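All remarks here apply to the structure that follows.
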Amino acid sequence: RSRAPHRPVAPVRRFMMVDTMNLGKDGGGRSAMQKWVVGAIDPSSKWAHAEIFQGTAPTQAQSMQVLVNALKRLRDGPAKHEAGNVAHVFTSDGALEHTLVLATDQGTEFGSNKPAYGEALRQRLLDEGLIQSGEKFIHRFNLASAPTQAAHIERLWSTLRTKLKLAATAQFDG
(Lines give C-alpha, C1' and ligand atoms only; values in the text may rest on other atoms or scores of the structure.)
Protein backbone atom coordinates (compact mmCIF):
# COMPACT_ATOMS: atom_id res chain seq x y z
CA ARG A 1 0.00 0.00 0.00
CA SER A 2 1.54 3.31 -1.02
CA ARG A 3 1.12 6.63 0.70
CA ALA A 4 0.40 9.90 -1.00
CA PRO A 5 3.40 12.24 -0.99
CA HIS A 6 3.45 14.87 1.75
CA ARG A 7 2.35 18.26 0.48
CA PRO A 8 3.26 21.33 2.50
CA VAL A 9 0.33 23.42 3.64
CA ALA A 10 0.23 26.90 2.15
CA PRO A 11 -0.01 29.81 4.59
CA VAL A 12 -3.43 31.22 5.47
CA ARG A 13 -5.36 28.65 3.53
CA ARG A 14 -8.23 28.84 5.96
CA PHE A 15 -7.35 29.83 9.51
CA MET A 16 -5.63 32.49 11.63
CA MET A 17 -5.47 33.10 15.37
CA VAL A 18 -5.25 36.51 17.04
CA ASP A 19 -4.68 37.15 20.74
CA THR A 20 -3.19 39.63 23.21
CA MET A 21 -0.46 39.34 25.83
CA ASN A 22 0.09 41.68 28.76
CA LEU A 23 3.73 42.80 29.06
CA GLY A 24 3.22 44.61 32.36
CA LYS A 25 3.79 48.22 33.32
CA ASP A 26 6.61 50.32 31.94
CA GLY A 27 7.90 53.08 34.20
CA GLY A 28 7.07 53.73 37.80
CA GLY A 29 4.57 55.50 39.97
CA ARG A 30 1.56 57.19 38.47
CA SER A 31 3.25 57.60 35.10
CA ALA A 32 3.52 53.82 34.57
CA MET A 33 1.92 52.68 31.32
CA GLN A 34 0.61 49.19 30.65
CA LYS A 35 2.17 47.53 27.56
CA TRP A 36 0.34 44.99 25.41
CA VAL A 37 1.25 42.80 22.46
CA VAL A 38 -1.45 41.99 19.93
CA GLY A 39 -0.40 39.18 17.63
CA ALA A 40 -1.63 37.02 14.78
CA ILE A 41 -0.36 33.59 13.76
CA ASP A 42 -1.06 31.31 10.83
CA PRO A 43 -1.04 27.77 12.31
CA SER A 44 -0.29 26.19 8.91
CA SER A 45 3.01 27.95 8.29
CA LYS A 46 3.73 29.21 11.86
CA TRP A 47 4.16 32.70 10.36
CA ALA A 48 3.47 35.34 13.03
CA HIS A 49 3.03 39.09 13.23
CA ALA A 50 2.85 41.13 16.46
CA GLU A 51 2.62 44.78 17.45
CA ILE A 52 3.09 46.49 20.84
CA PHE A 53 0.59 48.99 22.26
CA GLN A 54 0.31 50.86 25.52
CA GLY A 55 -2.71 51.94 27.50
CA THR A 56 -5.21 50.45 29.90
CA ALA A 57 -6.16 47.62 27.50
CA PRO A 58 -5.94 46.90 23.77
CA THR A 59 -8.87 48.22 21.75
CA GLN A 60 -10.95 46.63 19.04
CA ALA A 61 -9.49 49.08 16.52
CA GLN A 62 -5.95 48.00 17.47
CA SER A 63 -6.72 44.28 17.16
CA MET A 64 -8.32 44.90 13.75
CA GLN A 65 -5.29 46.90 12.62
CA VAL A 66 -2.91 44.10 13.65
CA LEU A 67 -4.82 41.55 11.54
CA VAL A 68 -4.96 43.93 8.55
CA ASN A 69 -1.22 44.66 8.88
CA ALA A 70 -0.42 40.94 9.18
CA LEU A 71 -2.39 40.06 6.06
CA LYS A 72 -0.82 42.94 4.10
CA ARG A 73 2.69 41.84 5.13
CA LEU A 74 1.90 38.29 4.01
CA ARG A 75 0.42 39.55 0.74
CA ASP A 76 3.43 41.75 0.00
CA GLY A 77 6.03 39.26 1.23
CA PRO A 78 6.10 35.48 1.71
CA ALA A 79 2.66 34.84 0.18
CA LYS A 80 2.96 37.31 -2.71
CA HIS A 81 0.92 36.39 -5.78
CA GLU A 82 3.27 35.16 -8.50
CA ALA A 83 2.30 33.86 -11.92
CA GLY A 84 4.22 30.59 -11.62
CA ASN A 85 2.76 29.64 -8.23
CA VAL A 86 -0.24 27.30 -8.46
CA ALA A 87 -1.00 27.40 -4.71
CA HIS A 88 -1.93 31.07 -4.45
CA VAL A 89 -2.93 32.49 -1.10
CA PHE A 90 -3.89 35.86 -2.60
CA THR A 91 -5.49 36.68 -5.93
CA SER A 92 -3.75 38.93 -8.44
CA ASP A 93 -5.94 41.76 -7.05
CA GLY A 94 -4.53 41.20 -3.54
CA ALA A 95 -7.57 39.56 -1.90
CA LEU A 96 -7.42 36.24 -0.08
CA GLU A 97 -8.11 33.30 -2.36
CA HIS A 98 -9.91 31.27 0.33
CA THR A 99 -12.29 32.02 3.18
CA LEU A 100 -10.46 33.30 6.25
CA VAL A 101 -11.55 31.82 9.57
CA LEU A 102 -10.34 34.00 12.43
CA ALA A 103 -10.19 32.49 15.92
CA THR A 104 -10.00 34.77 18.96
CA ASP A 105 -10.80 34.59 22.64
CA GLN A 106 -13.81 36.42 24.04
CA GLY A 107 -11.91 39.49 25.25
CA THR A 108 -13.26 43.00 24.82
CA GLU A 109 -10.60 43.70 22.17
CA PHE A 110 -12.30 41.02 20.03
CA GLY A 111 -15.90 41.97 20.68
CA SER A 112 -16.73 40.05 23.88
CA ASN A 113 -18.51 37.26 21.99
CA LYS A 114 -20.81 39.71 20.19
CA PRO A 115 -21.18 39.77 16.38
CA ALA A 116 -20.55 43.54 15.95
CA TYR A 117 -16.73 43.12 16.03
CA GLY A 118 -16.80 40.43 13.34
CA GLU A 119 -19.07 42.55 11.18
CA ALA A 120 -16.85 45.62 11.56
CA LEU A 121 -13.73 43.58 10.81
CA ARG A 122 -15.40 42.02 7.77
CA GLN A 123 -16.14 45.52 6.45
CA ARG A 124 -12.57 46.63 7.17
CA LEU A 125 -11.15 43.64 5.26
CA LEU A 126 -13.47 44.43 2.35
CA ASP A 127 -12.46 48.12 2.39
CA GLU A 128 -8.76 47.14 2.43
CA GLY A 129 -9.28 44.74 -0.50
CA LEU A 130 -8.15 41.74 1.57
CA ILE A 131 -11.33 39.74 0.95
CA GLN A 132 -13.51 39.65 -2.16
CA SER A 133 -16.88 39.34 -0.44
CA GLY A 134 -18.36 39.22 3.05
CA GLU A 135 -18.73 35.45 2.79
CA LYS A 136 -14.92 35.14 2.64
CA PHE A 137 -14.56 35.93 6.37
CA ILE A 138 -15.71 34.01 9.45
CA HIS A 139 -14.96 35.11 13.02
CA ARG A 140 -15.28 32.42 15.65
CA PHE A 141 -14.69 32.68 19.37
CA ASN A 142 -12.70 30.07 21.26
CA LEU A 143 -14.45 28.50 24.21
CA ALA A 144 -13.68 30.14 27.53
CA SER A 145 -11.07 28.29 29.59
CA ALA A 146 -10.00 26.18 26.61
CA PRO A 147 -6.42 27.29 25.85
CA THR A 148 -5.85 24.31 23.55
CA GLN A 149 -8.13 26.00 21.02
CA ALA A 150 -5.51 28.73 20.77
CA ALA A 151 -2.48 26.49 21.23
CA HIS A 152 -0.42 28.04 18.42
CA ILE A 153 -0.68 31.62 19.63
CA GLU A 154 -0.28 30.57 23.27
CA ARG A 155 2.96 28.84 22.26
CA LEU A 156 4.06 32.05 20.51
CA TRP A 157 3.44 34.01 23.73
CA SER A 158 5.38 31.43 25.75
CA THR A 159 8.35 31.66 23.37
CA LEU A 160 8.21 35.47 23.35
CA ARG A 161 8.13 35.63 27.18
CA THR A 162 11.15 33.30 27.37
CA LYS A 163 13.13 35.33 24.83
CA LEU A 164 12.28 38.61 26.58
CA LYS A 165 13.40 37.21 29.94
CA LEU A 166 16.66 35.97 28.42
CA ALA A 167 17.27 39.36 26.79
CA ALA A 168 16.52 41.23 30.02
CA THR A 169 18.79 38.92 32.00
CA ALA A 170 21.62 39.39 29.52
CA GLN A 171 21.10 43.17 29.51
CA PHE A 172 20.93 43.73 33.25
CA ASP A 173 22.68 40.74 34.86
CA GLY A 174 25.34 39.90 32.37
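The values are calculated or read from the model by the stated rules, or taken from the named source; none is laboratory data. Keep in mind the model is a prediction, meaning the values are calculated, not measured. Positions of Cβ are generated from backbone atoms using ideal geometry, with glycine treated the same way; all protein chains shown enter the neighbour counts. Accessible surface areas use protein heavy atoms only, side chains included; no ligands, DNA or RNA. Shrake-Rupley method; radii C 1.70, N 1.55, O 1.52, S 1.80 Å.
Between PHE137, PHE90, PHE53, which gets the highest mean-square fluctuation from a Gaussian network model of the chain, Cα cutoff 10 Å? Greatest mean-square fluctuation among the candidates belongs to PHE53. Annotation: amide H of ASP105 within the under-5 Å range of ASN142, sequence separation 5 or more or interchain, hydrogens built in the peptide plane. Counted by Cβ distance under 9 Å from HIS88, the other residues give a net charge of -2, where Lys and Arg count +1 and Asp and Glu count -1. Loop-located trypsin sites (Lys or Arg not before Pro) in segment 15-86 (DSSP state not H, G, I, E or B) with no more than 16 neighbouring Cβ atoms inside 10 Å: LYS46, LYS80. Based on protein heavy atoms only, the chain ends up with 59 Å² per residue of surface accessible to a 1.4 Å probe. Between the entries [x] 34, 24, 15; [y] 23, 22, 16; [z] 30, 21, 16, the label attached to semi-axes √(5λ) of the Cα gyration tensor in Å calculated for this structure is [z].
Were the residues from ASP76 through THR59 laid out at 0.36 nm apart, the gain over their Cα-Cα distance would be 3.5 nm. Using only side-chain charges placed at the Cβ, +1 for Lys and Arg and -1 for Asp and Glu, the dipole size of the chain relative to its Cα centre rounds to 540 debye. Taking the protein heavy atoms of segment 36-174 in the context of the full set of protein chains, the accessible area attributed to carbon and sulfur is 53 percent at 1.4 Å.
Once the C-beta distance of GLN34 and HIS98 is scaled by a Förster radius of 25 Å, the resulting FRET efficiency is 0.10 to the nearest 0.05.
Taken one residue at a time, the phi angles of segment 90-106 give Karplus couplings (6.51, -1.76, 1.60, θ = phi - 60°) of 10, 6, 5, 7, x, 8, 4, 6, 10, 5, 9, 9, 9, 10, 9, 7, 9 Hz. Gly and Pro are set to x.
Across the options PHE141, TRP47, PHE90, the greatest Cα extent toward the positive end of the charge dipole of the chain (unit charges at beta carbon of Lys, Arg, Asp, Glu) belongs to TRP47.
With the simple spin-label model, which puts each label point 7 Å out from Cα in the Cβ direction, the THR91 to GLN123 separation comes to 2.2 nm.
Applied to segment 51-65, the Karplus parametrisation 6.51 cos²θ - 1.76 cosθ + 1.60 on θ = phi - 60° returns per-residue 3J(HN,Hα) values of 9, 9, 10, 10, x, 5, 6, x, 9, 5, 4, 5, 5, 5, 4 Hz, with x for Gly and Pro.
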